[in-house]
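The values are calculated or read from the model by the stated rules, or taken from the named source; none is laboratory data. These numbers come from a predicted model, not from an experiment. Note: ideal-geometry Cβ built from the backbone for every residue, glycine included; neighbour counts use all protein chains shown.
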Amino acid sequence: MSDLVFDAVSVHYGHRRHGLTAVDGASLTVPSGQVVGLVGESGSGKSTLARSAVGLAPVSAGRVLLDGTDVRRLRGRHRPLQMVFQDPYSSLDPRMSIGDSIAEAMPREAGRGADRRRSEIARLLEQVQLDPDRAQMLPGQLSGGQRQRVALARALAGRPQVVIADEITSALDVSVQGAVLNLLRDVQRQLNLSMLFISHNLAVVRYLSDHVAVMYLGRIVEAGPTEEVLGDPRHPYTRELLASLPGHDSAPLNGTGPPEAADTDPHHPPSGCRYHPRCPVGPLVHADRTVCRTRDPAEGAASRPHLAACHFAATDDLPYPTLLRGDRTP
């Protein structure tokens with residue numbers, strides 16, 4: 001079993017009163033052997049939540065658990081949880097050969113002996129569909145797609161139980177994004193890895209993920225099986241993300257919905273529902289829905305469809321787009 005659990009995790013930067021809470025009480029489970037897609041616009045806290053699992057962001061409250069053990073108690077260089085970062089150009093040391101970069105991440109027993117080390121490097125490069133002869137090359141001699149494959153091989157060198165992939169195709173040319181995504185899907189299935197896949201692209205998340213979670217302003221606002229969430233979204237923010245996808249006739253909901261809609265300041269989030277200042281079914285449109293301004297919808301999320309943090313998640317106030325498995329390829 002390799003469940004990764006974010007248990008009411010908060011990440012706060014700066015002074016208590018004047019700092020920024022990038023993640024606020026987020027709870028999410030990545031089940032063993034499955035892929036959870038985490039989506040949301042830039043600044044929603046996706047990457048910060050991921051970084052909290054590998055010790056790159058300070059956990060101010062809550063816990064990150066791997067098979068019931070707090071990840072902060074995992075000692076040693078080779079942890080069972082590895083991360084592949086967004087930018088393939090900065091995630092590798094430009095002065096080290098790609099073989100040395102991969103070897104650096106190996107458990108001690110795997111890299112013991114020159115022949116064994118070379119054999120393991122070759123195996124990992126082949127696993128990510130790169131010629132083992134490239135082991136002596138520097139990162140600057142590779143394309144962006146090849147570098148990202150090396151970054152994946154480096155993560156796999158640690159023999160992880162869980163991999164976190166943070167926007168790993170967003171910096172790549174469109175022509176190579178699909179190949180990297182197919183590789184990631186194949187490797188996850190072959191090794192039965194648990195995976196947290198972070199993206200702003202719902203179509204890509206639908207392609208890879210068994211479950212999807214939607215994040216807004218530091219909080220998880222909707223989560224569930226991918227087909228259910230994207231086929232019947234319950235939170236208006238999820239509907240907005242779907243409406244913004246290319247090919248949908250609907251305009252983004254916040255562009256045509258409530259008058260005086262405005263983005264919120266993450267340093268000073270609004271009371272009640274954090275989405276209400278731009279919500280197309282909230283108090284800016286329905287004056288009687290004052291509950292959105294005063295009560296946190298997360299309190300009753302467990303009883304709503306898809307754990308939606310919306311007081312009116314079960315209502316159908318306006319038509320909305322869907323994204324089912326047969327609708328789109330990445």
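Side notes on the structure shown:
- Hey, residue 220 more than 24 Å from residue 279 (Cα to Cα), aliphatic (A, V, I, L, M) and under 14 Å from the mean Cα position of the chain (by Cα) or not: no
- Residue that is nearest to residue 187 (Cα to Cα), among those in region 87-142 that are within 26 Å of the chain's Cα centre (by Cα) and among the small types (Gly, Ala, Ser): 105
This table checks each residue for (1) assigned to a helix (DSSP H, G or I); (2) under 22 Å from the mean Cα position of the chain (by Cα); (3) surrounded by 14 or more Cβ atoms within 10 Å (Cβ to Cβ); (4) at pLDDT 90 or above.
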site	(1), (2), (3), (4)
251	no, no, no, no
254	yes, no, yes, no
259	no, no, no, no
262	no, no, no, no
271	no, no, no, yes
280	no, no, yes, no
286	no, no, yes, no
300	yes, no, yes, no
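- Residues of region 181-199 that turn out to be surrounded by fewer than 24 Cβ atoms within 10 Å (Cβ to Cβ) and either among the charged types (D, E, K, R) or in a helix (DSSP H, G or I) (or both), as a count: 10
- The requirement of being more than 15 Å from the chain's Cα centre (by Cα) and within 17 Å of residue 223 (Cα to Cα) is satisfied by residue 24.
- Among (1) over 30 Å from residue 237 (Cα atoms); (2) among the aliphatic types (A, V, I, L, M); (3) at pLDDT below 95 - the single one residue 128 does not satisfy: (3)
- Single residue of 212, 229, 221 found to be touching a residue at least 60 places away in the same chain (Cβ under 8 Å) and not in a strand (DSSP E or B): 229
- None of 57, 26 is free of Cβ contacts under 8 Å to residues at least 60 places away in the same chain, of a type in the set (A, V, I, L, M), in contact with a helix residue (DSSP H, G or I) (Cβ under 7 Å, 6 or more places away or on another chain) and surrounded by 14 or more Cβ atoms within 10 Å (Cβ to Cβ) except 57.
- Top-ranked residue in region 38-54 [being more than 19 Å from residue 301 (Cβ to Cβ) and of a type outside the set (Val, Ile, Thr); ranked as surrounded by the most Cβ atoms within 10 Å (Cβ to Cβ)]: 52
- Selected residue [in a helix (DSSP H, G or I) and basic (Lys, Arg)] from 147, 95: 147
- Selection status of residue 291, surrounded by fewer than 19 Cβ atoms within 10 Å (Cβ to Cβ), of a type in the set (A, V, I, L, M, F, W, C) and at pLDDT 90 or above: yes
- Selection count, region 213-249, where residues are modelled with pLDDT under 80 and of a type in the set (A, V, I, L, M): 1
- Any hit, region 158-176, residues being in the same structural domain as residue 83 (by TED's automatic domain parsing), assigned to a helix (DSSP H, G or I), of a type in the set (D, E, K, R) and under 17 Å from the mean Cα position of the chain (by Cα): no
- Checked against (1) touching a residue at least 40 places away in the same chain (Cβ under 8 Å); (2) touching a Lys or Arg at 6+ places or on another chain (Cβ under 6 Å), residue 130 passes all but condition (1).
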